[in-house]
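Participant: Quick one: the structure is below, questions incoming.
Just so it is clear, none of the values below were taken in a lab; they were calculated from the coordinates. Just so you know, these numbers come straight off a predicted model, no measurement behind them. Neighbour counts are summed over all protein chains in view; Cβ atoms, including those assigned to glycine, are modelled from backbone coordinates with ideal geometry.
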Amino acid sequence: MESSTSSISPVSNSLEFPPSSPHLPYISIKLASTNYLLWKAQVIPILRGNGLFGYVQNQVPCSSQTIISEDGVSRTSLAAVIWLHTDQLILGWINSSLSDGLLSQVINSESSHGAWHVLETLYGSHT
């Protein structure tokens with residue numbers, strides 16, 4: 001019996017694609033109002049090392065979400081689905097590295113860039 005093979009092309013190393021791992025490593029220091037630099041010193045190398053820092057810097061824009069197929073049906077593009085999946089992975093990871101008090105500051109952030117921006121605005125200038 002012949003096994004079927006996928007016709008999907010290999011994923012490039014572009015920043016538009018998710019990391020090879022479905023999770024990011026644990027951060028030993030939860031962000032509190034007094035340790036932003038220590039927290040950031042752990043977070044940035046992990047994001048850069050996984051090719052994800054562009055998401056929090058808003059340098060990886062979401063692809064067009066809707067495509068119209070030849071039959072006229074509107075569908076969400078695969079690139080948009082991958083972008084959203086990756087962005088939400090980063091957002092959840094950032095949220096899990098925050099103390100309860102700080103989590104309430106980013107609770108309304110819908111993207112990793114939004115949460116990152118809030119944290120930089122609140123704590124980046126103080127440190």
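Participant: Quick one: net charge of S99's neighbours, Cβ under 15 Å, K/R +1, D/E -1? Could the numbers behind the result be given before it?
Facilitator: On the way: positive: K30, K40; negative: D100.
Counting the neighbours of S99, the net charge comes to +1.
Participant: I need the shape label for the range 36-124. Rule: rounded when a/c is under 1.5, else prolate if a/b > b/c, else oblate, with a, b, c from the alpha carbon gyration tensor. Intermediate results must be reported in sequence, preceding the final value.
Facilitator: Numbers: a/c = 3.05, a/b = 2.17, b/c = 1.41.
Cα axes put the range 36-124 in the prolate bin.
Participant: I would also like to ask the following. Residues with amide H under 5 Å of L98's amide H, sequence separation 5 or more or different chain, H placed in the peptide plane at 1.01 Å from N; which?
Facilitator: L31
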